[in-house]
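> I'd like to ask you about the structure that follows.
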Amino acid sequence: MKRLVFILLLLCLPVWCGTAWADSENIEPEATGTPDDWYNAGGANKVASVTDDVDDNRIFEDRAGKKQRFSMANPTEIGGDDTIDSVVTHWRGKDSGTGTNNVQMHQYVGLQSNDGTDVELTTSYADYTDKFALTPDGGAWTLYDINSLRLEAHCTAIGVLKTVSVTKIYATIWYTPAAGKMGQIIIIGGD
């Protein structure tokens, strides 16, 4: 008696049903950029301070208008044929006391930026996100844009003798894999 067993990975179902599925990849800062105005506290350097999960390691600023830009690591899972659906900026921040102490995050590609929400911080760390379906120039995201992405923290308002702190910065790239990357069929045969 011959038996043929088909094992189908769940990832193949969207291919057969004609639907697409989304995936994501997180990318973190890999180097500081210009402008490079903020101070570092705790971490070995500014990149280390915003890529670890230690709130005591942070970048901070006490002057309105000052900015800190980071170039981002290139994604390793996203290919040139994949469709990039959106880019979400994530950051964690707080201020040192009462008053209007604001930070705004920007996504830069070239000289243009997507401007995130101007957030009035509180004295406890909180997580913030800004999602953009289009590039700063209004086009669809490409892998080239992602490889050129830079994130910038901007202190937009600060009270007297106050500071704003940011302890985590990264981006989530949401994408739809190209047709050939969605899964595989494994056929196991036997008697």
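The values are calculated or read from the model by the stated rules, or taken from the named source; none is laboratory data. All values reported here derive from a predicted model rather than from experimental measurement. Heads up, the Cβs are rebuilt from the backbone with ideal geometry, glycines too, and the neighbour counts pull from every protein chain shown.
> Take the residues in segment 143-164 that are in contact (Cβ under 8 Å) with a residue 24 or more places away in the chain and among the hydroxyl-bearing types (Ser, Thr, Tyr), then tell me which one is surrounded by the most Cβ atoms within 10 Å (Cβ to Cβ).
Restricting to residues being in contact (Cβ under 8 Å) with a residue 24 or more places away in the chain and among the hydroxyl-bearing types (Ser, Thr, Tyr), the top hit is 163.
> Just to check your reading of the model, which residue among 94, 67 is more than 20 Å from residue 25 (Cβ to Cβ), surrounded by 18 or more Cβ atoms within 10 Å (Cβ to Cβ) and in contact with a Pro (Cβ under 6 Å, 6 or more places away or on another chain)?
67
> In segment 65-88, what residues are in contact with a Lys or Arg (Cβ under 8 Å, 6 or more places away or on another chain) and assigned to a strand (DSSP E or B)?
Residues satisfying the conditions are 68, 69, 70, 71, 72, 86, 87, 88.
> Here is a follow-up. Does any residue of segment 146-169 turn out to be in a loop (DSSP other than H, G, I, E, B) and more than 17 Å from residue 66 (Cα to Cα)?
Yes, because at least one residue in segment 146-169 is in a loop (DSSP other than H, G, I, E, B) and more than 17 Å from residue 66 (Cα to Cα).
> Can you spot a residue in segment 31-41 that is of a type in the set (Gly, Ala, Ser), assigned to a loop (DSSP other than H, G, I, E, B), in contact with a helix residue (DSSP H, G or I) (Cβ under 9 Å, 6 or more places away or on another chain) and surrounded by fewer than 18 Cβ atoms within 10 Å (Cβ to Cβ)?
Looking through segment 31-41, none of the residues is of a type in the set (Gly, Ala, Ser), assigned to a loop (DSSP other than H, G, I, E, B), in contact with a helix residue (DSSP H, G or I) (Cβ under 9 Å, 6 or more places away or on another chain) and surrounded by fewer than 18 Cβ atoms within 10 Å (Cβ to Cβ).
> I'd like to check something: does segment 1-20 contain any residue that is more than 26 Å from residue 159 (Cα to Cα), modelled with pLDDT of 95 or more and among the hydroxyl-bearing types (Ser, Thr, Tyr)?
No, because not a single residue in segment 1-20 is more than 26 Å from residue 159 (Cα to Cα), modelled with pLDDT of 95 or more and among the hydroxyl-bearing types (Ser, Thr, Tyr).
> For the subset of segment 100-122 comprising residues that are touching a Lys or Arg at 6+ places or on another chain (Cβ under 6 Å) and not aliphatic (A, V, I, L, M), which member is surrounded by the most Cβ atoms within 10 Å (Cβ to Cβ)?
Ranking the candidates gives 101 first.
> Would you pick out the residues in segment 103-124 that are over 18 Å from residue 141 (Cα atoms), among the β-branched types (Val, Ile, Thr) and assigned to a strand (DSSP E or B)?
103, 117, 119
> Oh, and also: Has segment 176-188 got any residue that is at pLDDT 95 or above and either among the hydroxyl-bearing types (Ser, Thr, Tyr) or exposed (fewer than 14 other Cβ atoms within 10 Å of the Cβ) (or both)?
Yes, segment 176-188 contains a residue that is at pLDDT 95 or above and either among the hydroxyl-bearing types (Ser, Thr, Tyr) or exposed (fewer than 14 other Cβ atoms within 10 Å of the Cβ) (or both).
> Inside segment 70-83, can you point out the residues that are touching a Ser or Thr at 6+ places or on another chain (Cβ under 8 Å) and either buried (at least 20 other Cβ atoms within 10 Å of the Cβ) or among the acidic types (Asp, Glu) (or both)?
Listed by number, the residues that qualify are 70, 82.
> Answer yes if at least one residue in segment 133-141 is in a strand (DSSP E or B), modelled with pLDDT of 95 or more and out of contact with any helix residue (DSSP H, G or I) (no Cβ under 8 Å at 6 or more places or on another chain), and no otherwise.
Yes: one or more hits.
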